[in-house]
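Inspection log for the structure reproduced underneath, given as structure tokens.
The values are calculated or read from the model by the stated rules, or taken from the named source; none is laboratory data. Everything numeric in this text was worked out from a predicted model, so none of it was measured. In this analysis, Cβ positions are derived from the backbone assuming ideal geometry, glycine residues included, and neighbour counts consider all displayed protein chains. To get the accessible areas, we keep the full protein, side chains included, count just its heavy atoms, and leave off ligands, DNA and RNA. Shrake-Rupley method; radii C 1.70, N 1.55, O 1.52, S 1.80 Å.
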Amino acid sequence: MKLLENYITQHGTVISDGVLKVDSFLNHVIDPKLMQEIGKEFAKRFQDEQITKIITLESSGIAPALMTALELDCDIIFARKRKSLTMIDQLYTTTVYSFTKEQSNEISISKDFLSQDDRVLIIDDFLANGQAALGLADLANQAGATIAGIGIVIEKSFQPGREKLLEAGYRVESLARIAALKDGKVSFVRGSNR
Ligand code: 5GP
């Protein structure tokens, strides 16, 4: 997605060879017009999949997931990282190792909101080693839901997440695919922008 690549080039900061900071439009400040375009693009790619729920992880997945849900006319569920006092329901729970925080988190979704009748689209902000997406897939599988695909805003294609998700049999659609973060510069996978 050319618009997203432009945002990354103009506003992203390369923190190291493995980490990109995009706090000015996705991870801290949220650019609503960009999110709207992201939602439209995901919706276009998954429009034939009869999605009934989008699932994501709090907090940075919520904005792109919400805009996609608006286009696909379905609900979103965000998996919670901390158990809320109001979450007295039965939970689907799994453990996810966080790439950026370098610690494991339990994530959960209430059993009330996801079932075997659902066709699920998983959305997340970044794909690195695939732990977050596989954790969300685990929650959907516990519910017996069908996973129609995984939508990623920014994929770091030089890390193993994409291969892991494809190996597990999931369809992966990434709106920007980063080939490398070298010498403070972002380069994209050739031909990946459409
Ligand atoms: P994974 O679970 O695929 O290893 O990593 C994806 C998760 O880690 C995303 O939910 C995202 O929050 C975070 N993440 C991974 N790499 C980056 C990065 O380069 N920049 C930022 N801002 N977050 C990242």
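Before moving on, here are some points about what is shown:
- Element breakdown for the range 1-77 at a 1.4 angstrom probe: carbon and sulfur atoms account for 49% of the accessible area.
- For S174, distant residues with modelled amide H under 5 Å away: I152
- Considering only alpha-carbon pairs that sit under 8 angstrom and 6 or more positions apart, the relative contact order computed for the range 100-194 is 24 percent.
- Amide H within-cut-off set for A168, under 5 Å, with H built and near neighbours excluded: none
- Take the Cα of Q47, step 7 Å toward its Cβ, do the same at T95, and the gap between the two points is 4.3 nm.
- Scattering curve values for the chain, log₁₀ I(q)/I(0), Debye with Cα scatterers, q = 0.09 Å⁻¹: -0.30
- 28 Å Cα-Cα threshold exceeded, pairs from K101/K185; K33/K111; K53/K156; K40/K101; K40/K182: K33/K111; K40/K101; K40/K182
- For the chain, the longest principal axis of the Cα atoms and the long axis of helix 32-46 meet at an angle of about 70 degrees.
- Karplus (6.51, -1.76, 1.60) ³J(HN,Hα), θ = phi - 60°, over the range 114-121, in Hz, Gly and Pro reported as x: 9, 9, 5, 7, 7, 10, 10, 10
- In the range 28-136, the GluC sites (Glu not before Pro) that fall in loop regions by DSSP, at most 15 other Cβ within 10 Å: E58, E102
- Relative contact order for the chain: 21 percent, from Cα pairs under 8 Å spaced at least 6 residues apart, divided by residue count.
- GNM top mover of A69, A137, A180 - the chain, alpha-carbon springs below 10 Å: A180
- Neighbours of L72 by Cβ distance under 14 Å: Lys/Arg scored +1, Asp/Glu scored -1, total -3.
- Amide H contacts of I147: V120, each under 5 Å away and 5 or more positions distant or on a separate chain (H built 1.01 Å from N in the peptide plane; Pro and chain starts excluded).
- Remark: spin-label model distance I30-R190 equals 3.7 nm, labels positioned 7 Å along the Cα→Cβ axis.
- Antiparallel bridge percentage (DSSP; both residues within the range 37-164; nearest 5): 35
- Among the chymotrypsin sites (Phe, Trp or Tyr not before Pro) within the range 83-171, those in coil by DSSP and having at most 16 neighbouring Cβ atoms inside 10 Å are F113.
- Part-to-part distance (alpha-carbon centres) for the range 137-194 and the range 44-83, which is given in Å: 16
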